[in-house]
Amino acid sequence: RGAARQAATPAKSPAATKLPGLSAREPQTHFPLPKGPSIMSTALGTVADLPADYYDGLVGHNLLPLWPSLRAVLPYGKPTRNTRPTLWKYSDVRPALLRAGDLAPIEKAERRVLVLCNPGLGLENMQATPSIYVGLQLILPGETAPNHKHTPMAVRFVIEGEGGYTVVQGEKLPMAKGDLILTPPGMWHQHGHEGTEPVVWLDALDLPIVYGLEASYCIEGAPQSVSDPHNASTVRFRQGGVIPYASLAPKRADYPLLRYPWKEVRQTLSGLAAVTPREELVHVAYVNPETGQECMATLGFSAMMLRPGEEVRMKRRSASAVFHVVEGSGAATVDGIAMPFAESDTFASPTHAEIRLSNASGKAPAFLFMVDDAPLQRKLGFYETFE
Ligand code: GTQ
């Protein structure tokens, strides 16, 4: 009986709550509860305060009292965060990914990906942050990753190699370093490689959210034929501020633009840097060109430039984030954890984190790409920034 009562204390890791075979006497909670010593308010009653027969009776009917666990799921002032500031160095990932090229033929992998797992969230849960999945995907010359569609949304951010492409709903989207490619929920996508060197990109998906909703699944399809070899980034939305006239009509596509070429984003950041005060972050958001709003429902995408010698403190925000280094080197300090970064490294930040970024070079700019869950938090009505 003692064990069952112990099990009701909120000391379980998210991984432990997913273990199969828990009996009715070992109730699960829906929330990832903090590890380590209980943070429950001493003012609230505990399980030990309750008569054992009462408590066991509740559990037998799949019921639990809230008050012993209330402070764990609604902590005062600041959320409990298990996400750890974590750095994945490309110099560690790249050799392992290339080796996967030998070990896992594309037919055996469907997608050849190494997943960036936050150790604070349990590696097996494949979460960089509670909402963001990140993987680094390798495709070798001549390979194709087969056509499929799924309920989670995905984006690709290209790290290295030329000749890669993704076909989304018949639109062929070339992939050069730094390009952002969207594959929205439910849209067919397949990848290919017409070049000569390995191509690697970063995948970011809202998989943890959709999986958490028990709504994540995939459908395989026959290979797509390319119906639009030009794509909207080179034709319909070639130039910021000018859109096809018909786009003004109230009835619009949800995703008019699926490719954001890095060349243009880098130029925009460099121009913006010249007119941005020294203490402000040079930062642009990827948006839907027809609505001016974030381009996806759950995750947001942005890019920033750290000017030579620049050191900035980001405004503290309620969103969690993953940063990827496009160019340059420097250091990030996230909740006091220092992470020196080089080109193509990736690092994760928990919600509500204190983030400082610095450029190691006094001569060259550094560029970072950021994925966060601010769009979802805004829709849920609790997105916050703090001074
Ligand atoms: O390329 O479609 O990293 O379906 C994970 C799931 C990539 C993809 C991932 C996927 C893909």
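Of all residues in the range 263-277, none satisfies being more than 24 Å from the chain's Cα centre (by Cα) and within 22 Å of residue 154 (Cβ to Cβ).
Look at the range 124-157 and say how many of its residues are within 15 Å of the chain's Cα centre (by Cα) and outside any loop (DSSP other than H, G, I, E, B). Talk me through it step by step, then tell me what you get.
First, pick out the residues of the range 124-157 that are within 15 Å of the chain's Cα centre (by Cα): 125-137, 152-157.
Then drop every residue that is not outside any loop (DSSP other than H, G, I, E, B), which leaves 125, 133-137, 154-157.
So the answer is 10.
Close Cβ contacts (under 8 Å, 6 or more residues apart or on different chains) running from residues in the range 68-92 that are more than 23 Å from residue 338 (Cβ to Cβ) to residues that are open to solvent by 30 Å² or more (accessible area, probe 1.4 Å) and among the aromatic types (Phe, Trp, Tyr) comprise 72/31; 73/31. Entry remark, the range 98-123: residues being away from the ligand (no atom under 15 Å from the Cβ), surrounded by 16 or more Cβ atoms within 10 Å (Cβ to Cβ) and not in a loop (DSSP other than H, G, I, E, B) number 3 in total. Taking the criterion of being over 21 Å from residue 147 (Cα atoms), within 26 Å of the chain's Cα centre (by Cα) and in a loop (DSSP other than H, G, I, E, B), the residues of the range 196-239 that qualify are 213, 214, 233, 237. Scanning the range 182-200 for residues that are more than 10 Å from the ligand (Cβ to nearest atom), open to solvent by less than 30 Å² (accessible area, probe 1.4 Å) and within 20 Å of residue 219 (Cβ to Cβ) yields a count of 3.
Looking at the range 163-174, which of its residues are within 14 Å of the ligand (Cβ to nearest atom), open to solvent by 10 Å² or more (accessible area, probe 1.4 Å) and part of a strand (DSSP E or B)? Write out each step before concluding.
The first filter runs over the range 163-174 and keeps only residues within 14 Å of the ligand (Cβ to nearest atom), leaving 164-169, 173.
Those left that are additionally open to solvent by 10 Å² or more (accessible area, probe 1.4 Å): 165, 169.
Correct list: 165 only.
The rows are residues; the columns are (1) under 18 Å from the mean Cα position of the chain (by Cα); (2) not in a strand (DSSP E or B).
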| residue | (1), (2) |
| --- | --- |
| 333 | no, no |
| 338 | no, no |
| 344 | yes, yes |
| 351 | yes, yes |
| 356 | no, no |
| 363 | no, yes |
| 371 | yes, no |
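Does the range 224-245 include one or more residues that are within 16 Å of the ligand (Cβ to nearest atom), surrounded by 11 or more Cβ atoms within 10 Å (Cβ to Cβ) and either of a type outside the set (S, T, N, Q) or touching a residue at least 24 places away in the same chain (Cβ under 8 Å) (or both)? Yes; the residues of the range 224-245 include at least one that is within 16 Å of the ligand (Cβ to nearest atom), surrounded by 11 or more Cβ atoms within 10 Å (Cβ to Cβ) and either of a type outside the set (S, T, N, Q) or touching a residue at least 24 places away in the same chain (Cβ under 8 Å) (or both). If you scan the range 144-162, which residues turn out to be β-branched (Val, Ile, Thr), within 11 Å of the ligand (Cβ to nearest atom) and either open to solvent by 40 Å² or more (accessible area, probe 1.4 Å) or without any contact (Cβ under 8 Å) to a residue 40 or more places away in the chain (or both)? 151, the sole residue that qualifies. Just to be sure before I move on: is residue 133 within 14 Å of the ligand (Cβ to nearest atom), free of Cβ contacts under 8 Å to residues at least 60 places away in the same chain and aromatic (Phe, Trp, Tyr) in the structure I sent? Considered against the rule, which asks whether it is within 14 Å of the ligand (Cβ to nearest atom), free of Cβ contacts under 8 Å to residues at least 60 places away in the same chain and aromatic (Phe, Trp, Tyr), residue 133 comes out as no.
Please state which one of 378, 316, 356, 307 is open to solvent by 10 Å² or more (accessible area, probe 1.4 Å) and in contact with a His (Cβ under 7 Å, 6 or more places away or on another chain). The unique qualifying residue is 316.
Residues of the range 266-297 being hydrophobic (A, V, I, L, M, F, W, C) and open to solvent by less than 20 Å² (accessible area, probe 1.4 Å), which ones? 269, 273, 282, 295, 296 - these are the residues of the range 266-297 that are hydrophobic (A, V, I, L, M, F, W, C) and open to solvent by less than 20 Å² (accessible area, probe 1.4 Å). Apart from one condition, residue 126 fits all of (1) open to solvent by 40 Å² or more (accessible area, probe 1.4 Å); (2) more than 15 Å from the ligand (Cβ to nearest atom); the exception is (2).
The values are calculated or read from the model by the stated rules, or taken from the named source; none is laboratory data. All figures in this text were calculated on a predicted structure; none of them were measured in a lab. Ideal geometry is used to build each Cβ from the backbone, glycine not excepted, and the neighbour counts take in all protein chains shown. SASA here: full protein model, heavy atoms, side chains in, ligands and nucleic acids out. Shrake-Rupley method; radii C 1.70, N 1.55, O 1.52, S 1.80 Å.
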